[in-house]
Amino acid sequence: MSSLLEFLYHKVDDNTSDTSYRRPKIGISANRKEGTSCIAEPYFQSVVMAGGAPVLLPVTTDIHALATIVDMLDGIILSGGGDIDAAYLGEEPAPETGDTDSYRDEYDFLLLKLAFDRQLPVFGICRGHQVINVAFGGTLYQDIHTRFSAEALKHSQAEARDVATHTIVPTDIPSKLKAVLKSPSQHAIPVNSFHHQAVKDVAPEFITVATSPDGLNEAIEHPEYAIFGVQWHPESMAVAGNEVMLDLFRYHVGLAEVFAKAKRLHERMLTIDSHTDTPMLFETFDLGRKEGGKVNLPLMEEGRLDAVFMVAYIPQGMRDDVSLQNACEYARNRLSKVIDQARLHSERMGIARTADELRRLKREGKKAVLLGIENGYAIGKDIRRLKIFKDLGVSYVTLCHNGDNDICDSAAGNREWGGLSPFGRDVVAEMNRLGMMIDVSHASGDTFYDVLKYSRKPVIASHSSSRALCNHRRNLDDDQIRALASQGGVVQICLYKAFINEDADKASLSDAVRHICHIVEVAGIDHVGIGSDFDGDGELTGCRSANELIRITMRLISEGFDDESIAKIWGGNLIRVMEEVMNVDR
């Protein structure tokens, strides 16, 4: 072996003796020239300088190949290149449109879709900036100089890419990208660009972060998702020593580091969503496919979610014998549909009745579904039905919904009983005996305190939030949260807009994280979890379906929560209650 080879091999050994060398993997979309997937060196050099590990992504439209690659990545950079075909804008091509490559277009949009489905951070540069805007519903000027109403700067300049050719100005709107640029509003930043297509109408939910002096959009970001784009070319300026431009890459690599940590956490902790209404969809719904619901196996796999409670939701109706019997049968039918889905997809999922079964399914690489009933109306006046539901696999019963029933008063009811009815007290005792968790979401305040008084076991609020932050009757006030925690219970934060923000149209993932932090402050880390209410109208900007739940983990990491605390929030606290309740000998 030559001395030069020995030197190189020793260099490798010296630098990989521990895991500190591992960097987040940043996929860079390739350009395509004469049948070759290629990229300008400053793209990957900037990623290396920013602390990332660049991966050149070959231009292919094979979805399975792209999906396999994306699954290994921690972030994506959509690079620059030629014009986007007007067909993606729903327009006829303008005469000024340059060369387009439909294969590259298809590749970029497929890549972005796969990355977004898995919640990878995305950074778009020049064409990539435009791809992001179009993919999320925005529009483009096909040609600035003929379609833009004002006189445009010369954005298609001929200077070297590391030479500043014009300036951009951050907007007055607070944004993460503005903080990265370290620039006050209206303070010009020198940049370099090369384009004649440009963002016209910004995609819904995205915000304009910077403009050029002629008014053209130069940067966008999403307030909740880790997605942003810039119209200029920062990569060559970054490599040439421009710290502001390099900071853009450092910011993206930092987001990718958080995502990589979230993925590692999800590999080893058990994640549980304690409330979904997905069984309402099962007449025409296949859990193994993405068919319109917010919870299914592909979405759980993309979001690295281990388990969900699927509940048989029964709206409150008449309380005569026939209606009560129908409610019971309806609940059994919904639950049987879930069990049918588990049989249909037994290689990917299973029904879990206990915490040990949850852990087993996790070890086997399968998703777990637990069963619940939302509204004790299904029990009617026959306490024997609790045993029937327990034998079917039901882990918890939400005592009521929006209306009083024979068990208790609802938060939306008329105070018929002043809390639990006499029958309701028997229900609480029987659920304790059978090892079924009692859920006080939807219950009135009097019912809530009666349950705590009569239950010998901790109780849960499977999908409720903090009334201190959002004054809704369905939420729990701080006294209730402390009382529930004092008996070992857990509050599962609900992602229903009206329970998260009093201005429901503005409800976001950031709001939900504030609810989690508030309950931790009020009751401690051992008494909070997550119950999405997906498929029952639960969704927030920034968290709309099961694949996006990993974003909560990312946000908790950014908020400074340690691994143990995040594991408790994501399932550890609920499992603790579940095991204590199911230990019927105690």
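The values are calculated or read from the model by the stated rules, or taken from the named source; none is laboratory data. Keep in mind it's a predicted model, so treat the numbers as computed, not measured. Positions of Cβ are backbone-derived with ideal geometry, glycine not excepted, and every protein chain shown enters the neighbour counts. Heavy atoms of the whole protein, side chains included, go into the accessibility calculation; ligands, DNA and RNA do not. Shrake-Rupley method; radii C 1.70, N 1.55, O 1.52, S 1.80 Å.
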Residue tally, condition of a type outside the set (A, V, I, L, M, F, W, C), surrounded by 19 or more Cβ atoms within 10 Å (Cβ to Cβ), within 19 Å of VAL581 (Cβ to Cβ) and out of contact with any Lys or Arg (no Cβ under 7 Å at 6 or more places or on another chain), over the range 455-479: 5
Unmet criterion (only one of (1) within 17 Å of ALA461 (Cα to Cα); (2) open to solvent by 10 Å² or more (accessible area, probe 1.4 Å)) for SER410: (2)
Any strands (runs of 3 or more DSSP E) falling wholly within the range 253-371 and containing at least 1 residues that are free of Cβ contacts under 8 Å to residues at least 40 places away in the same chain: 349-351
Residue ID - farthest from MET237 (Cα to Cα), chosen from residues in the range 37-53 that are out of contact with any Leu (no Cβ under 8 Å at 6 or more places or on another chain) and buried (at least 21 other Cβ atoms within 10 Å of the Cβ): GLY52
Helices (runs of 4 or more DSSP H) enclosed by the range 511-586 - at least 1 residues per element that are more than 18 Å from LYS362 (Cβ to Cβ) and in contact with a Phe, Trp or Tyr (Cβ under 9 Å, 6 or more places away or on another chain): 550-558, 573-582
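Yes/no per residue for (1) among the β-branched types (Val, Ile, Thr); (2) out of contact with any helix residue (DSSP H, G or I) (no Cβ under 8 Å at 6 or more places or on another chain); (3) in contact (Cβ under 8 Å) with a residue 60 or more places away in the chain; (4) surrounded by fewer than 20 Cβ atoms within 10 Å (Cβ to Cβ):
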{"position": "CYS494", "(1), (2), (3), (4)": "no, no, yes, no"}
{"position": "THR553", "(1), (2), (3), (4)": "yes, no, yes, no"}
{"position": "ILE557", "(1), (2), (3), (4)": "yes, no, yes, yes"}
{"position": "LYS568", "(1), (2), (3), (4)": "no, no, no, no"}
Of the criteria (1) closer than 26 Å to LYS263 by Cβ; (2) of a type outside the set (Ser, Thr, Tyr); (3) open to solvent by 30 Å² or more (accessible area, probe 1.4 Å), which one ASP511 fails: (3)
Residue count for the range 481-492, restricted to those that are surrounded by fewer than 23 Cβ atoms within 10 Å (Cβ to Cβ) and assigned to a helix (DSSP H, G or I): 4
All positions within the range 99-113 that are open to solvent by 10 Å² or more (accessible area, probe 1.4 Å) and within 24 Å of the chain's Cα centre (by Cα): PHE109, LEU110, LYS113
Options ALA164, ALA160: the member that is open to solvent by 30 Å² or more (accessible area, probe 1.4 Å) and touching a strand residue (DSSP E or B) at 6+ places or on another chain (Cβ under 6 Å): ALA164
Filter result (under 16 Å from VAL451 (Cβ atoms), of a type in the set (Gly, Ala, Ser) and in contact with a His (Cβ under 6 Å, 6 or more places away or on another chain)) within the range 462-491: SER462, ALA485
Only one of GLY531, GLY572 that is under 21 Å from ALA483 (Cα atoms), within 16 Å of the chain's Cα centre (by Cα), at pLDDT 95 or above and not aliphatic (A, V, I, L, M): GLY531
Selection from the range 484-514 of residues that are farther than 19 Å from TYR225 by Cβ and of a type outside the set (Gly, Ala, Ser): LEU484, GLN487, VAL490, VAL491, GLN492, ILE493, CYS494, TYR496, PHE499, GLU502, ASP503
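The rows are residues; the columns are (1) outside any strand (DSSP E or B); (2) of a type in the set (Gly, Ala, Ser); (3) touching a residue at least 24 places away in the same chain (Cβ under 8 Å); (4) crowded, with 19+ Cβ neighbours inside 10 Å.
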| site | (1), (2), (3), (4) |
| --- | --- |
| GLY27 | no, yes, yes, yes |
| VAL70 | yes, no, yes, yes |
| GLY80 | yes, yes, yes, yes |
| GLU92 | yes, no, no, no |
| THR97 | yes, no, yes, no |
| ALA115 | yes, yes, yes, yes |
Among the candidates ARG348, ARG360, ARG332, residue that is surrounded by fewer than 21 Cβ atoms within 10 Å (Cβ to Cβ) and under 19 Å from GLY572 (Cβ atoms): ARG360
Selection from the range 420-454 of residues that are surrounded by 21 or more Cβ atoms within 10 Å (Cβ to Cβ) and outside any helix (DSSP H, G or I): LEU420, MET436, MET437, ILE438, ASP439, VAL440, SER441, HIS442, ALA443, SER444
Whichever residue in the range 172-215 is charged (D, E, K, R) and outside any loop (DSSP other than H, G, I, E, B) and, among such residues, is surrounded by the most Cβ atoms within 10 Å (Cβ to Cβ): LYS178
